[in-house]
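All remarks here apply to the structure that follows.
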Amino acid sequence: MERKLKLENTKRVYEYWWGSIARIFIEIYDDSPNECVFTHLWVDEGLRNKGYGKQILSEAELIAKEKGCAIAFLKVEHNSWMHVWYLRCGYTSYRDRDEDGIWLYKAL
């Protein structure tokens, strides 16, 4: 019997923890190995506004670059504080807003 399902995009997901302070995921898809998507950036609520988010994001950018990525993408809620924060971190709006948010990118 011929299989009808075919895996189109496989991805590697790297989950980085900074102790109990912060976490970020880096996703790299096999069909675009020079691009990555950052997801699940989280900083412990009691430690926010102390620069940890910026530090883990900067480190994730370096790791992604070491893994061969030249550009990073991420998605946030349009006009949220996170949207503004990523813009301050050097990200640029990539696509128009949709019902799920807005895509941003940054050359690594």
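The values are calculated or read from the model by the stated rules, or taken from the named source; none is laboratory data. Computed from a prediction, not measured in an experiment: that's the story for all the values here. Positions of Cβ are generated from backbone atoms using ideal geometry, with glycine treated the same way; all protein chains shown enter the neighbour counts. Surface areas here come from the heavy atoms of the whole protein model, side chains and all, with no ligands, DNA or RNA. Shrake-Rupley method; radii C 1.70, N 1.55, O 1.52, S 1.80 Å.
Rounding to the nearest 10 and keeping the result within 0 to 90°, find how far the Cα-based axis of helix 52-66 lies from the longest principal axis of the chain.
40
Give me the number: length gained by fully extending T39 to R12, i.e. 0.36 nm times residue separation minus the C-alpha to C-alpha distance, one decimal in nm. Don't skip to the end; give the middle numbers.
Working: separation 27, 0.36 × 27 = 9.72 nm, distance 1.27 nm.
The T39-R12 span can extend by a further 8.4 nm.
Do you know the relative contact order of the chain, to the nearest whole percent, from alpha carbon pairs under 8 angstrom that are 6+ apart? Working shown, then result.
Values: 170 pairs, mean separation 21.5, N = 108.
Across the chain, relative contact order equals 20 percent.
Do any chymotrypsin sites (Phe, Trp or Tyr not before Pro) in segment 37-108 lie in a DSSP loop with no more than 15 other beta carbon atoms within 10 Å, and if so, which?
Details: sites: F38, W42, Y52, F73, W81, W85, Y86, Y91, Y94, W103, Y105; in loops: Y91, Y94.
Here the chymotrypsin sites (Phe, Trp or Tyr not before Pro) that fit, given the DSSP loop and packing criteria, are Y94.
What does the accessible area per residue of the chain come to in Å², with a 1.4 Å probe and no ligands, DNA or RNA counted? Intermediate results must be reported in sequence, preceding the final value.
On the way: 7500 Å² over 108 residues.
That works out to 69 Å² for each residue.
Mind checking the full-extension length gain between M82 and D100? Use 0.36 nm per residue of separation minus the Cα-Cα distance, one decimal, nm.
Details: separation 18, 0.36 × 18 = 6.48 nm, distance 1.40 nm.
The M82-D100 span can extend by a further 5.1 nm.
For volume of the Cα convex hull per residue in Å³, pick the label among (i) 84; (ii) 163; (iii) 139 that corresponds to the value derived from the coordinates.
From the options (i) 84; (ii) 163; (iii) 139, the structure gives (iii).
Which far-off residues, 5 or more places away or on another chain, put their amide H under 5 Å from the one on L108, with H placed in the peptide plane?
Answer set, sorted by chain and number: I71, A72.
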